[in-house]
Amino acid sequence: MGEAALVERVGGHGPGRPPPAEAEPARPVVRVRGFGKRYRGVPAVDGVDLEIRRGEIHGLIGPDGAGKSSLMKAIAGVLTFEAGSVEVFGVALDSEATCERVKSRLGFMPQGLGLNLYADLSVEENVDFFARLHLVPERALAERKAKLLAMTRLDRFRERPMKHLSGGMKQKLGLACTLIHEPELIVLDEPTTGVDAVSRREFWAILAELLQEKGITALVSTAYMDEAARFERASLLYSGRILAAGEPETIRRLVPGRVVALRSGDPVAAMARLKARFTQVEARGPWLNAFVAGADAAGARAAVSDALAGVPVENLNVMDPDLEDVFVALLQNRNAGGEERPAARAAAGGAPRGGIAIEALELTRDFGSFRAVDHASFRVPQGEIFGLLGANGAGKTTVIKMLTGIIRPSGGSGRVAGVEMRAAAREIKERIGYMSQAFSLYGDLTVLENIHLYAGIYGLGARATRARAEWVTGMAGLSGHEGDAAGSLPMGLRQRLALGCALVHRPQVLFLDEPTSGVDPIGRRRFWDILFALSREEGVAVLVTTHYMSEAEHCDHLALMYAGRIVADATPARMKLEVEAEAGCLLEVASGAPHRAVLALRRAGYAGAALFGTRVHVFSRDADGDLARIPPLLHSAGIEAVSVAPRRLSMEDVFVHRVSALETRDPAAPGGRP
Amino acid sequence: MNARRILTVMHKEWREMVRDPLSLVMGFVLPFALMLLIGFGMTFDVENIPLAIVDRDGSAASRDYAYRFIGSRYFDFKGYLADERKAAPLLMDGKLRAVIVIAERFERDLLAGRPAAVQVLLDGAFPDRVRITKGYISAINAAATRELIAGYLSRRDGIPAAQANELLQPFGLEMRYLYNQGVKSDWSIPPKLIMFILFFVPAFMTSLRVVREKETGTIFNIYTSPLTRVEFLLAKLAPYVAIALVNLVVLWLLAVLVFRAPFKGSFTLFFAAGALYVIATTCIGMLVSVFVRTQIAAMLISLVITFVPALQYSELEEPVTSMDPEGQLITYLLPGMHYVRVIMGTFLKNVGLEVLWPEALTLAVQAGGLFFACYLLFHKRVKA
């Protein structure tokens, strides 16, 4: 990209191209008032106001079904609506004809990995198609294509048919296609969903750079709370309504309070005490987090200590809440989440503890000449939540399938619930529960029918079936929904029903394959609550595969898979320490001109400096030195209002660091990203 | 209207299609294969009926009578059977379709002036064929009877046999079949199949390809682009009309070269009317795709609304005049019959536009009307 063009620019907000003559500079690019959309009479979005300023990246954050797609399609002029008004570039979108007036000036990328691209066309043909559809002159097309493909690192794959690209590459190609006609506004619907963490970071970096350079305004939706930091301003959407809007920092301050993280020798008792006192409590591996509303650091510490009097407590830390804590608090305040307390669980059977529940020894699986899993070894003790982490195609699902006896390993062995799986696949199936990515439920059957079906499959008697059905409905919060069709339930309930079905025969080992995609934060917390209780109170061993880094934080122990191999095997905290030992600690730089700050830092030798919304992240081997060094460095580059603070590493940071290192060492690895 | 945009979409459509094996098969192999499969299979000529004879009499007269059937080109004589009980399993297997049983004392009864008994067993599984077989047997039997009487007359009155034969046919019936002198199915069925195949294949294909864009989400590229509705329809329909035109020529060649149907009229008229016809059927596919969301629904609906009419309401098997009024109305509203008339006119009758102009005009109105309907119903801003 033209670095000079960037340096000329003053701040992060001014447009790079002069605004069209008819638009006043102050006028927002998009103005939505009282927007309402119904599908077959059921409201999907209700009374939403939204304003997007020229040149900003505006985030629309919310779980599945919040109404993000409806709103975005209406703004792109491809969806009718019943209530309110939508104005884009000052044009009121009130008919098909008026919508046509804005279409040459906007780009839209619908939801789904590569779903707006043509599978049988090559990378280059896809770009050409979008360009010519928008009448981009051939010369400009050649120039822009060369640049966009270079930036997205797709130029090596010009001839490759789209269907043979990885998920991350498809999304980068989609972005290039959306930008090829240089629209003033782009609308991207969940561009990072289903993309692995490394590709996701790359996508955000490219997007920020391109938007900045051309002064493009963007509306981007996401279901990941932790992506909020990527936006200059954001709107939180839930159940078709705006919960909060503004800069991420401002939203965060809407709910004052602190999060206290602690470890306890008796986590079950500590959890129960905390739950009785605070509205937001969650377990993250060995750590218990409680949100103390309205308190400062000292107050929060005191409140938690008071609540836990008599329970052994270690390592008590106070932290700022993240956006997800705020989101949940906002929902609880307006009672939109309908958070009923999970019913008391039926008494747990005496669970065997301490034994090894799952043991993989040099597990290997070949598909033809392709080695999907390469000598994977790990152990999961009874009562532990174990996370198998990795990008799509890293081999996670194949490991689960071998351990559950669905496919035979090519080499190595594994014991599950004390049974050698090669010898006794059927016995294993009676001792394990398995919940697949697709929530294997029958959508046309009711909740109870689904439970009874699974009870029947596992051969439960009539009395046991009745007892377990009661347990499942209580555990999953499904009371009152027994007669509803499973397919009509909201995501969170459907997920807990699927979990209940997997637990109906009281297995001692539970396998969960990518269990919580698309579920809202409250639903996700309830899900992890249940897993916590299962593992701590009933001693169930849980193996979870996921490519969501925020889920990894909930696990007691993690194994990171890359190209079929296990490349790291430790607790989350240990993994973070290891990365900090290798790469240094993470510093977050806030400033008035984040785009220029990235460039200045890179020039000064901080090669890994990366933009996160309005902040810049850099790794530092000498934290104290850099804390002192960076502010004057940026001041001398003419950047004002600089503050630098150390930041906790997230699991995503760990994952990106590990996988990037492996990729540079071994770029042609199978199962990694091409 | 912008030609570059139209060409861009057309080009993309074409490339996608030639790279998708399923589309290629549907576009080029399916019509060809259907023509051959149905053309060879669907014949209304009843010949070579497998026949066996049970001759219980074994006399000169019974053999003489039997030879009249054995020698006929309509029957394929499989042999004599000892008695009719042996015939039952063979009829059941379909190895025989007709059995003639000549009773004992056949010759004696005949000479004595009593009616001689002959029993015919027919496989009734295919009613149309049985009716025709029955006709053949009655005709052969009537001819045998007539000759017998003619011989008797000639001997009694001393007149030549030919004269006696004429005396027995006071009404000289002479039939001539126009346009298809041999009443051969091969002359009329394969040309009509051109209509049949080009009714549902283009509709099928178009609806599938457009709905696929909806199903995946690529249709949003169209919705959010400055491409106008007319441009979209033109660009999207053109490749499928072009494929259908290629098929029109291929199927015509098959009818003429493989099935040896005579083509007597103007190819230009046949082709031009065919072009209007395939525009109409392609637009039907487009209309289906406007209303449905999934490929499976598109497949079912376009099959029901094109396959059945092509079979039933298009003069493929029976003329429109033999239908009840509702059937007639449907037939007139659909393009099939109008094009079948152009096909029959150019293949067998050698008539031109002076006779076929109403059909040509109707096809033009239908093609235009269906395109307009697509225009009215296709929107770039949708409700859901």
Suppose the filter is of a type in the set (Gly, Ala, Ser) and loosely packed, with under 15 Cβ neighbours inside 10 Å; does A:Gly414 pass it? no
Qualifying positions in the range B:40-88 - at pLDDT 85 or above and in a helix (DSSP H, G or I): B:Ala60, B:Ala61, B:Ser62, B:Arg63, B:Asp64, B:Tyr65, B:Ala66, B:Tyr67, B:Arg68, B:Phe69, B:Ile70
Sort through A:Glu430, A:Glu482 and tell me the only one that's acidic (Asp, Glu), part of a helix (DSSP H, G or I) and touching a residue at least 24 places away in the same chain (Cβ under 8 Å). A:Glu430
Failed condition for B:Arg341, given (1) within 30 Å of A:Val42 (Cα to Cα); (2) within 23 Å of the chain's Cα centre (by Cα); (3) charged (D, E, K, R): (1)
Take A:Leu441 and tell me if it is buried (at least 19 other Cβ atoms within 10 Å of the Cβ), part of a loop (DSSP other than H, G, I, E, B) and in contact with a Leu (Cβ under 7 Å, 6 or more places away or on another chain). yes
Can you tell me how many residues in the range B:335-374 are surrounded by fewer than 15 Cβ atoms within 10 Å (Cβ to Cβ) and either within 14 Å of chain A (Cβ to nearest Cβ) or in a helix (DSSP H, G or I) (or both)? 9
List every residue pair whose Cβ atoms sit under 8 Å apart, with the two residues 6 or more apart in sequence or on different chains, where the first one lies in the range B:354-375 and is under 17 Å from B:Leu269 (Cβ atoms) and the second, anywhere, is among the aromatic types (Phe, Trp, Tyr) and in a helix (DSSP H, G or I). B:Glu359/B:Tyr339; B:Leu363/B:Tyr277; B:Leu363/B:Tyr339; B:Ala367/B:Tyr277
Qualifying positions in the range A:580-629 - closer than 24 Å to A:Ile57 by Cα and in a helix (DSSP H, G or I): A:Pro594, A:His595, A:Arg596, A:Ala597, A:Val598, A:Leu599, A:Ala600, A:Leu601, A:Arg602
Strands (runs of 3 or more DSSP E) fully within the range A:208-276 counting 3 or more residues that are in contact with a Ser or Thr (Cβ under 8 Å, 6 or more places away or on another chain) and either of a type in the set (Asp, Glu) or surrounded by 19 or more Cβ atoms within 10 Å (Cβ to Cβ) (or both): A:241-246
From (1) part of a helix (DSSP H, G or I); (2) over 14 Å from B:Ile194 (Cβ atoms); (3) more than 20 Å from the chain's Cα centre (by Cα), pick out the condition that doesn't hold for B:Val246. (2)
Would you kindly identify the helices (runs of 4 or more DSSP H) lying entirely within the range A:66-153 that contain at least 1 residues that are in contact (Cβ under 8 Å) with a residue 12 or more places away in the chain, more than 9 Å from chain B (Cβ to nearest Cβ) and closer than 25 Å to B:Ile6 by Cβ? A:96-102, A:123-133, A:138-151
Counted residues in the range B:300-319 being under 17 Å from B:His338 (Cα atoms) and either in contact with a Gly (Cβ under 7 Å, 6 or more places away or on another chain) or outside any helix (DSSP H, G or I) (or both) come to 9
Output yes when any residue across the range A:84-96 is under 30 Å from the mean Cα position of the chain (by Cα) and not β-branched (Val, Ile, Thr), and no when none is. no
Has the range B:43-52 got any residue that is more than 30 Å from B:Leu311 (Cα to Cα) and either among the acidic types (Asp, Glu) or in contact with a helix residue (DSSP H, G or I) (Cβ under 7 Å, 6 or more places away or on another chain) (or both)? yes
Considering only residues that are part of a loop (DSSP other than H, G, I, E, B) and surrounded by 18 or more Cβ atoms within 10 Å (Cβ to Cβ), look in the range A:154-171 and name the one that is nearest to the other protein chains (Cβ to nearest Cβ). A:Leu165
Per-region count, the range B:1-14, residues free of Cβ contacts under 8 Å to residues at least 24 places away in the same chain and surrounded by fewer than 17 Cβ atoms within 10 Å (Cβ to Cβ): 3
Return the only residue of A:Asp556, A:Asp622, A:Asp626 being crowded, with 17+ Cβ neighbours inside 10 Å and in contact with a Gly (Cβ under 8 Å, 6 or more places away or on another chain). A:Asp556
So, first residue among the aromatic types (Phe, Trp, Tyr) in the range A:551-562, second residue assigned to a loop (DSSP other than H, G, I, E, B), Cβ within less than 9 Å, six or more apart or across chains; the pairs are A:Tyr562/A:Gly390; A:Tyr562/A:Ala391; A:Tyr562/A:Ala394; A:Tyr562/A:Gly395; A:Tyr562/A:Asp666; A:Tyr562/A:Ala669; A:Tyr562/A:Gly671; A:Tyr562/A:Gly672
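The values are calculated or read from the model by the stated rules, or taken from the named source; none is laboratory data. Predicted, not measured: the structure shown is a model, and the values here were computed from it. So basically every Cβ, Gly included, is an ideal-geometry build from the backbone, and we count neighbours across all protein chains shown.
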